[in-house]
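Notes to accompany the following structure.
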Amino acid sequence: MTVPNLLLHDGTSIPQLGFGVFQVPPPETAATVTQAFEVGYRHIDTAQMYGNEAGVGEAIRASGLDRDELYITTKLNNSFHRSEDARREVDASLERLGLEQVDLFLIHWPLPTRYDGDFVQTWRALIEAQEAGKTRSIGVSNFQPAHLDRIIDETGVVPVVNQVEVHPYLTNEEVRAANAKHGVLTEAWSPIAQGAVLDDPTIGEIASAVGRTPAQVTLRWHVQRGDIVFPKSMSVERMRENFALFDFALSPEQVEAISGLDRGEDGRTGPNPDTFDWIP
Ligand code: NDP
């Protein structure tokens, strides 16, 4: 199975399908990521907040894979938005991962009600990290359109991606449109809504029609919309299932039917980025 690479506006490219490690327990991370590599995943999405960067690093070293075959993303934790903290903690991530450079560093949450609303200083710290070669690309996560406009207006530097909650119950079109307007690719987190969409009757009917599972149909819907996904699973069977997305296609009508399941704000499973203010 060949995973397509999507071109980012800074000239680099990213595998459209990866493996997410949110809620993968740190002691099990190295073994879990090793299994994901064996299945064929080459793009790993971790974060300082997940506490498992060291396990990702261990799996990378054990894999024998060339560094340039891998795409590694991590995210700056909410406690480190001040520029001096951000600078130091970029280095700490590289140390834990055992890498000289990651492929993508993200601001995890904008926290507009914290740090006097100043996430621009945080963005400037990531710009410096990129200039210093510590990360190939920089992006953001959970940024609403106004947050995106602000960092772009104030620095002139456009993130390559915005990683936000997207799945059939929260299609998040406004944020996707704002991303597209700036040439920013959307990364869809919780792409199967942590399992919540898998019993949906519409998705079930489409799955029967195409002879695939509800998870595969949902992930394929994301792929056909052009978003980047990295489903998480602790089971090697489900890792394989989620990886097998590129040997079938949904019709435009099937894509449309799944998009029609959107419940707007009621479909959100995670925090609202405008009000989320949690600092570990
Ligand atoms: P997902 O939508 O990927 O769902 C994961 C859950 O679904 C797990 O409970 C898993 O269980 C189950 N599952 C996975 N595959 C299948 C399948 N084929 N059939 C049935 N159940 C399945 O949720 P996540 O929240 O983990 O999101 C994916 C990634 O997105 C994260 O790992 C992280 O990298 C990123 N993320 C980013 C956030 C951000 O703020 N930037 C927030 C949340 C996520 P099991 O493990 O038992 O298979």
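The values are calculated or read from the model by the stated rules, or taken from the named source; none is laboratory data. Please read all numbers here as calculations on a predicted model, not as lab measurements. Because the Cβ atoms are built from the backbone with ideal geometry, glycine has one as well, and the counts that use them run over all protein chains shown. Accessible surface areas use protein heavy atoms only, side chains included; no ligands, DNA or RNA. Shrake-Rupley method; radii C 1.70, N 1.55, O 1.52, S 1.80 Å.
At a glance:
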{"read-out": "Point-charge dipole on Cβ atoms (K/R +1, D/E -1) for the range 70-153, about Cα centre, debye to 20", "value": "160"}
{"read-out": "Cα centre as origin, Lys/Arg/Asp/Glu Cβ charges: the chain dipole, Debye", "value": "320"}
{"read-out": "Heavy-atom accessible area order for D118, D274, D68, largest first, 1.4 Å probe", "value": "D68, D274, D118"}
{"read-out": "Relative contact order [Cα under 8 Å, 6+ residues apart], the range 9-103, whole percent", "value": "28"}
{"read-out": "Over the range 8-190, relative contact order from alpha-carbon pairs under 8 Å, at least 6 apart, %", "value": "17"}
{"read-out": "Cβ-defined net charge surrounding L8, 14 Å radius [Lys, Arg +1; Asp, Glu -1]", "value": "-3"}
{"read-out": "Length added when fully stretched, S259-F22, from 0.36 nm per residue minus Cα-Cα", "value": "82.8 nm"}
{"read-out": "Share, in percent, of DSSP beta bridges within the chain that are antiparallel, nearest 5", "value": "15"}
{"read-out": "Under 5 Å, built H, 5+ apart or other chain: amide partners of S13", "value": "L8"}
{"read-out": "Per-residue SASA entry for H9, accessible area with 1.4 Å probe, Å² rounded to 10", "value": "90"}
{"read-out": "Rounded to the nearest 10 Å², the accessible area of F248 at probe 1.4 Å", "value": "30"}
{"read-out": "Distance from the range 185-205 to the range 28-44 (C-alpha centre basis), Å", "value": "22"}
{"read-out": "Among I138, L245, G264 the positive-end extreme of the charge dipole of the chain (Cβ point charges)", "value": "L245"}
{"read-out": "Accessible surface, per residue, of the chain when the full set of protein chains is kept, probe 1.4 Å, Å²", "value": "41"}
{"read-out": "Value at 222 nm in deg cm²/dmol, rounded to 500, when DSSP H runs of n ≥ 4 in the chain each add -39,500 (n - 2.57)", "value": "-12000 deg cm²/dmol"}
{"read-out": "Overall dimensions of the chain as given by Cα atoms, namely Rg and Dmax in Å", "value": "17.9, 54"}
{"read-out": "Largest-first ordering by accessible area, 1.4 Å probe, given options S259, S208", "value": "S208, S259"}
